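Shown next, in structure tokens, is the structure this report addresses.
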Ligand code: NAD
């Protein structure tokens, strides 16, 4: 029998089991249904801390191996995010292969919900790119193991204000580490992307008296940012601005060889996912420029904290209080990075792995 092949994050082709071994994945579930056309992959990376939580992405993958690779890469990221946020959650992620505008239906989402149900709570799903709250309502008809539901269904609603609050706390901790004082009053902050998270972040920064610069490809969002006295800057010019803090709140891979060499800020602290284009290269590069980088999966964990509190009975105040702790975690990461002479991305991963190993030992006795 031929081996099933997939790729790791750097594109190296592996036999499937060798791939799982190299990333230490626990389980991959393939879900197939002829009637609805469902083709989904649920990747469960690590459940030492608790059930694996991660959204369901629907995307037109060119090859099945790309879908497997994406599910594996994203589920591993969820393990670290949940661990470092101090949640009793593991990491998992699902991908559905298909075009959300063409292939999605009530039946397909409910069938997917049946597969989630079959995992008996080992995997908890939520919305992600290509899926919506409405889709999760269909999933909910087949399983209770779904979060990110609207407030009308007992969910936590839009997590963006919580994500923004955590980003703000991480930014203040970065200021404390860089300047010995966490006040952002009078600091020049450039926010790239003023969508759901970026706009809430502006509000918090404006309240504290920061000087704000913003960019966005959406003109109406840019106009709305004027409400907080933010000065609009066009596209790429954001990178070259002489500011104290750069807050990426739009795209991934914004920290790359070109942009890192141009940055003039002392701190990068923003909500966007996967900011480092290649963490094995750009984590060190940003460190060598002397820039304080707050790792994205730590600073933007407010959204995950919010959906997790939904799972345990949603109370927004509790979610906010737990999100506030991002301040201390970011300080711990700067301290660990300085002590070990490593970059902050690596320090955050080590902190996440340490908690998993510690808890493994806790669970080793009856
Ligand atoms: P959003 O879509 O509401 O906002 C993104 C904004 O970025 C939009 O206004 C968009 O026009 C703008 N944008 C896109 N390309 C741009 C560019 N080249 N330059 C400047 N602006 C550009 O998304 P969001 O929910 O605010 O999330 C922002 C980022 O934070 C994303 O990377 C997301 O993955 C991450 N994140 C969000 C949450 C959450 O709770 N919403 C949680 C964790 C991480």
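Some notes on this structure:
- Residues of region 212-240 classified as touching a residue at least 12 places away in the same chain (Cβ under 8 Å) and more than 23 Å from the chain's Cα centre (by Cα), total: 15
- Filter result for residue 132 (modelled with pLDDT of 95 or more and surrounded by fewer than 22 Cβ atoms within 10 Å (Cβ to Cβ)): no
- Output for region 215-269, where each listed residue is surrounded by fewer than 23 Cβ atoms within 10 Å (Cβ to Cβ), more than 10 Å from the ligand (Cβ to nearest atom) and more than 19 Å from residue 291 (Cβ to Cβ): 223, 226, 227, 228, 229, 231, 232
- For region 179-195, taking the residues that are within 24 Å of the chain's Cα centre (by Cα) and surrounded by 18 or more Cβ atoms within 10 Å (Cβ to Cβ), the one that is farthest from residue 348 (Cα to Cα) is identified as 194.
- Only one of the listed residues (45, 25, 35) is over 23 Å from residue 140 (Cβ atoms), modelled with pLDDT of 95 or more and either part of a loop (DSSP other than H, G, I, E, B) or out of contact with any helix residue (DSSP H, G or I) (no Cβ under 7 Å at 6 or more places or on another chain) (or both). That residue is 25.
- Residues in region 349-366 that are touching a residue at least 24 places away in the same chain (Cβ under 8 Å) and over 27 Å from residue 289 (Cβ atoms) were compared, and the one that is farthest from the chain's Cα centre (by Cα) is 363.
- Test result for residue 272, over 19 Å from residue 187 (Cβ atoms), within 13 Å of the ligand (Cβ to nearest atom) and surrounded by 17 or more Cβ atoms within 10 Å (Cβ to Cβ): yes
- Among the numbered conditions (1) under 24 Å from residue 311 (Cβ atoms); (2) touching a residue at least 40 places away in the same chain (Cβ under 8 Å); (3) touching a strand residue (DSSP E or B) at 6+ places or on another chain (Cβ under 9 Å), the only one that residue 175 does not meet is (1).
- Test: residue 192 is in contact (Cβ under 8 Å) with a residue 12 or more places away in the chain and within 8 Å of the ligand (Cβ to nearest atom): yes
Residue by residue, here is whether (1) surrounded by fewer than 17 Cβ atoms within 10 Å (Cβ to Cβ); (2) within 16 Å of the ligand (Cβ to nearest atom); (3) closer than 30 Å to residue 285 by Cβ; (4) over 14 Å from the mean Cα position of the chain (by Cα) holds:
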{"position": "300", "(1), (2), (3), (4)": "no, yes, yes, no"}
{"position": "308", "(1), (2), (3), (4)": "no, yes, no, no"}
{"position": "319", "(1), (2), (3), (4)": "no, yes, no, yes"}
{"position": "336", "(1), (2), (3), (4)": "no, no, yes, yes"}
{"position": "340", "(1), (2), (3), (4)": "yes, no, yes, yes"}
{"position": "343", "(1), (2), (3), (4)": "no, no, yes, yes"}
{"position": "347", "(1), (2), (3), (4)": "no, no, yes, yes"}
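- Restricting attention to region 214-228, the residues that are over 16 Å from residue 200 (Cβ atoms) and in contact with a helix residue (DSSP H, G or I) (Cβ under 7 Å, 6 or more places away or on another chain) add up to 1.
- Just one residue in the set 74, 87 is assigned to a loop (DSSP other than H, G, I, E, B), in contact (Cβ under 8 Å) with a residue 24 or more places away in the chain and closer than 23 Å to residue 344 by Cα; that residue is 87.
- Residue match in region 109-116 (condition: over 20 Å from residue 37 (Cα atoms), crowded, with 19+ Cβ neighbours inside 10 Å and not assigned by TED's automatic domain parsing to the domain that holds residue 294): no
- Exactly one residue out of 152, 160 is within 9 Å of the ligand (Cβ to nearest atom) and within 22 Å of residue 319 (Cβ to Cβ): that is 160.
The values are calculated or read from the model by the stated rules, or taken from the named source; none is laboratory data. Fair warning: this is a prediction, and the values are worked out from it, not measured in the lab. Because the Cβ atoms are built from the backbone with ideal geometry, glycine has one as well, and the counts that use them run over all protein chains shown.
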